[in-house]
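Trainee: Would you mind keeping the following structure in view while I ask a few things?
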Amino acid sequence: MLDLRLYMLQRLTALVMAPLVLGHLAVMIYAIQGGLSTAEILGRTQGSALWFAFYGLFVIAVSIHAAIGLRVIAHEWLALKGAALSLLTWGACAALLFLGLSAVFVVTVP
Amino acid sequence: MTAAQETLDVTVHRGTTRGARYDSFQVPAHASQTVLDVVSWIQQFADPTLSYRFACRVGMCGSCAMMVNGTPRWTCRTHIKKVAPDGKLLIEPLRNLPVIKDLAADMDPFFDKWTAAEAQHHPSQTRHDPIEPIDPTDATRAEADLGVECINCAICYAACDTVAGNPDYLGPAALQRAWTLLNDSRDDGRQSILDAVSGTGGCHNCHSMGSCAQYCPNDLNPMRAIAGLKRETAKSFFKGKRNA
């Protein structure tokens, strides 16, 4: 169920995600070290174009990558195909985009 | 099989995809006995209605492959003592293919995919052209040589879990032949091969689980060939050919 286009899209989003995952983990570990409060974290992220771009890009890459992965699993293990498979792919992508981008907007937009 | 054991307990798949049953036979054990010997004994001495397929009996023709105790094997070159030391055998038709009858799998889907992968020679010259010298030490030729010993037995196809889950997947044998031709300087079908292996059933579905390489009786490595196809189609993608 993977043609060249979907395959490349999944590999390229993985390439984007690799450094972002490391950055995300580093930030998580750093943020909890000295007992940063929610207010302190939001103070740093709100209004920051950098954090908006970092997590905005992360969410887009994850949504595309995960939707294609779920598509393959659903086809091979649940024998889903045709319109149902497309619906699952696009639905998963849209749901992840909505959840992820909502969080990004709340945390980074003042 | 111990020295004292004189018979083998053999269970054989009978019937078709639509209706199957299993028959049991007691088959005399012999030294250096192959699985094909056992199947032939049943057909000749116990049940002449048993259907199965074989031709060369020496591992060249690729027609006698079956599932032996759940593993795809070329039955003519598989010794009983190696696969069934306890003398118990379960023999079934190749996995991932429809069954014509008993142990004879329908090979049509396998060869249809062979064609769909453009795994056929695309001549670059005519019979009137001089014979093109081939340098066996050339790296591209060496890569092509890795796959030429394929005997089309479909053991890799039966072993492949991606084929099992994704019936459209072209499978290891067809993709390996496509890769072999892609590396053959005498083949003129580069673009049509790259297009053929880039569709929804193409090489990109391979999860690199490696059952093809694990079970190939000729020790070929279709997984390596498929990785090569992924590489070439990806390069082609970056050159702006979205359909490879």
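Trainee: Return the percentage of antiparallel bridges among DSSP beta bridges fully within the protein assembly as shown, rounded to the nearest 5 %.
Mentor: Taking every DSSP beta bridge with both residues in the protein assembly as shown, the antiparallel ones total about 85 percent.
Trainee: Based on C-alpha coordinates, I'd like the Rg and Dmax of segment A:4-108, in Å.
Mentor: Every Cα atom of segment A:4-108 included, Rg and Dmax give 16.4, 51 Å.
Trainee: Would you please give the FRET efficiency between residue B:77 and residue A:73, computed as 1/(1 + (r/R0)^6) with r the Cβ-Cβ distance and R0 = 35 Å, to the nearest 0.05?
Mentor: Numbers: r = 37 Å, r/R0 = 1.05.
Calculated value: 0.40.
Trainee: Next question, about the same structure. What's the magnitude of the charge dipole for segment B:7-105 around its Cα centre, counting Lys and Arg as +1 and Asp and Glu as -1 at the beta-carbon? Answer in Debye, nearest 20.
Mentor: Numbers: 12 positive and 7 negative charges, 60 e Å.
Once rounded to the nearest 20, the dipole reads 280 debye.
Trainee: Starting from 0.36 nm per residue, how many nanometres of slack lie between residue A:84 and residue A:9 once their C-alpha separation is accounted for?
Mentor: On the way: separation 75, 0.36 × 75 = 27.00 nm, distance 2.07 nm.
Roughly 24.9 nm would be gained on extension.
Trainee: Springs between alpha-carbon atoms under 10 Å, Gaussian network over chain B: tell me which of B:198, B:63, B:51 tops the mean-square fluctuations.
Mentor: Per the Cα network of chain B with a 10 Å cutoff, B:51 tops the list.
Trainee: Same structure, new question: Convert each backbone phi in segment B:28-40 into a coupling constant with the Karplus relation 6.51 cos²θ - 1.76 cosθ + 1.60 (shift: θ = phi - 60°), then list the ³J(HN,Hα) values in order as whole Hz, x for Gly and Pro.
Mentor: Once θ is set to phi - 60°, the couplings for segment B:28-40 become x, 8, 9, 6, 6, 7, 9, 4, 5, 4, 5, 4, 5 Hz.
Trainee: Additional query: When the scattering of the protein assembly as shown is computed by the Debye formula from its Cα atoms alone, each counted once and equally, what is log10 I(q)/I(0) at q = 0.08 Å⁻¹?
Mentor: Computed log10 I(q)/I(0) values: -0.57.
Trainee: How large is the Kirkwood hydrodynamic radius of segment B:74-191, in angstrom, based on all distinct alpha carbon pairs?
Mentor: With all distinct Cα pairs of segment B:74-191 included, I get 16.7 Å.
Trainee: Can you compute the helix-only [θ] at 222 nm over the protein assembly as shown? Use -39500 (n - 2.57) per DSSP H run of at least 4 residues, normalise by all residues, nearest 500 deg cm²/dmol. Walk me through the numbers before you get to the answer.
Mentor: Details: 14 runs with 172 residues, N = 354.
Mean residue ellipticity at 222 nm (helix-derived): -15000 deg cm²/dmol.
Trainee: Shifting gears a bit: For the protein assembly as shown: lysine pairs with Cα atoms under 30 Å, gap of 8 or more or different chains, count?
Mentor: Count of close lysine pairs: 15.
Trainee: Among A:42, B:48, B:124, which residue has its Cα positioned farthest towards the positive end of the charge dipole of the protein assembly as shown, with +1 placed on the Cβ of Lys and Arg, -1 on the Cβ of Asp and Glu, and the dipole taken about the Cα centre?
Mentor: The one lying farthest along the dipole's positive direction is A:42.
Readers should treat all values here as calculations from the given coordinates under stated rules, not as data from a laboratory. Note that this is a predicted model, so its numbers are computed, not measured. Reconstructed Cβ throughout: ideal geometry from the backbone, glycine too, with neighbour counts over all protein chains shown.
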